[in-house]
Amino acid sequence: MSQVTARLAQGVSSVSAAQWDACAGTGNPFVGHAFLAALEASGSVGGRTGWQPVPVVVDGDGDAPAAIAPAYLKTHSQGEYVFDHGWADAWTRAGGSYYPKLQIAAPFSPVPGPRLLLRDPAAAPTLIAALEAVTEQHGLSSAHATFIAPEQVPLFEAAGWLIREGTQFHWRNDGYASFDDFLARLASRKRKAIRKERTAAVEGLTIRHLVGDEIGPREWAAFWRFYQDTGSRKWGQPYLTRAFFPLLGEALGERVLLILAERDGHPIAGALNLIGDDTLYGRYWGCTEEVPFLHFELCYYQAIDAAIARRLGTVEAGAQGEHKLARGYLPTPTWSAHYLPDPGFRRAVAEFLVREREAVRHEQVFLGELTPFRRGDGAAC
């Protein structure tokens, strides 16, 4: 491998916000300095979390980096949403140590976006080569860039990384003026079912959309209770710390949207969203009172309302969830890229990915035929 001019930074916070965001841009908040630095400052990454931040920086002319990769040394596979436990087991049975590995990602966030943060697009091959060098020089089993923006997939593919495909469900704004305008594009039976769900979900409740300074200590305390409840049921313990949420609100301000459901003035459920340049990202949800369909209302329907009001093109409501399909969220491909230095291990994973990719694409075609849109409606494509 040719000599690569790059360095490992001591965390995102060791790079100035201006320099980091000159590479990351503003479109996707999950790779911005504010979000990633809040993870570090809150103790959600670093320490004994198994996520050790080691951003890979390619220096450019002067003091400003030409490119950065948000990279982490991982000692487990939790919080990634692209599942490689089978790979880890296979490598361990073969006598290897799968962990630590190098993860290029937005931690705990199955959100497609750039994983090569490029102030200078010409630096992309150097940055990928640096990721490979870090993997090999430190004796790591592998490197994984997860939830890559579609336009960056060819960059990894050209470098010889293995490409893995998955599926999420995203809602697309076809110029709708209102939620009813969106419903008009659905088949009659689906339209009636959604209206029935929405009516049942909000009976006796008040729904509030809060942004920026409207989210105060009381609201963050309520949301922390919701998040703990969901985290304990899904993962055993929450990934994020109590300190993360107010830090996020302070750092991102008007780009944070908290949707609360209240009964008699008391919050009983909430959904936290981040606002990108053209996308509403639904991330965390929880409740202290079980109400039928309230999850769908806060996470999917209210998100659509918010996106229409802000003229955003897309709502991304997180990983997996075929139940989103009936609610107007369409199957959408996602991609990850994987670098495995050992030739035998790479060959075995490559063969697995060929079989998996065929199954994923068959599933996507099948799911695409189950959309709630009227037959022949362009929104279903």
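The values are calculated or read from the model by the stated rules, or taken from the named source; none is laboratory data. Everything quoted here is computed from the prediction, not taken from an experiment. Positions of Cβ are generated from backbone atoms using ideal geometry, with glycine treated the same way; all protein chains shown enter the neighbour counts. Side chains are part of the model used for accessible areas, which takes the heavy atoms of the whole protein and leaves out ligands, DNA and RNA. Shrake-Rupley method; radii C 1.70, N 1.55, O 1.52, S 1.80 Å.
Quick rundown of the values:
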| quantity | calculated |
| --- | --- |
| Cα centre as origin, Lys/Arg/Asp/Glu Cβ charges: the chain dipole, Debye | 980 |
| Computed over the range 1-111, Kirkwood Rh from alpha-carbon pairs, angstrom | 15.1 |
| Cα lying deepest toward the dipole's positive end in the chain, options Ala69, Gly249, Ile194, charges on Cβ | Ile194 |
| Equivalent ellipsoid semi-axes - Cα gyration tensor, the range 49-162, angstrom | 24, 15, 14 |
| Nearby lysines by direct alpha-carbon distance to Lys324 (threshold 17 angstrom, same-chain neighbours under 8 apart not counted) | Lys190, Lys192, Lys196 |
| For the chain, alpha-carbon Rg relative to the globular expectation (2.2 N^0.38 Å, N residues) | 1.01 |
| Residue-normalised accessible area of the chain, given per residue in Å² at a 1.4 Å probe | 43 |
| Dipole of the chain, positive end: most advanced residue of Gly270, Pro150, Gly27 [Cβ charges, Cα centre] | Gly270 |
| Computed Kirkwood radius, in angstrom, where 1/r is averaged over Cα pairs of the range 300-381 | 15.4 |
| Sites excluded, chymotrypsin sites (Phe, Trp or Tyr not before Pro) in DSSP loops with at most 12 other C-beta within 10 Å, longest stretch of the chain | 84-234 |
| Carbon plus sulfur fraction of accessible area for the chain, probe 1.4 Å, in percent | 52 |
| Of Thr314, Gly344, Leu294, farthest towards positive along the dipole that unit charges on Lys, Arg, Asp, Glu beta carbons give the range 290-346 | Thr314 |
| Spread of Cα-to-Cα distances over 10 Å intervals beginning at zero, given as percent, for the range 212-286 | 19, 54, 26, 1 |
| Sparse-neighbourhood loop sites, GluC sites (Glu not before Pro) in the range 334-378 - DSSP loop, at most 10 other Cβ within 10 angstrom | Glu369 |
| Cα-Cα separations in the range 151-237 greater than 22 Å, expressed as whole percent | 64 |
| Theoretical ellipticity at 222 nm over the chain - DSSP helices of four or more residues, -39500 (n - 2.57) apiece, nearest 500 | -10500 deg cm²/dmol |
| Spatial extent of the range 245-356: Rg and Dmax, with the Cα atoms as the point set, Å | 18.5, 62 |
| Range in the chain, longest, excluding exposed trypsin sites (Lys or Arg not before Pro) [loop by DSSP; at most 11 other beta-carbon atoms within 10 Å] | 49-310 |
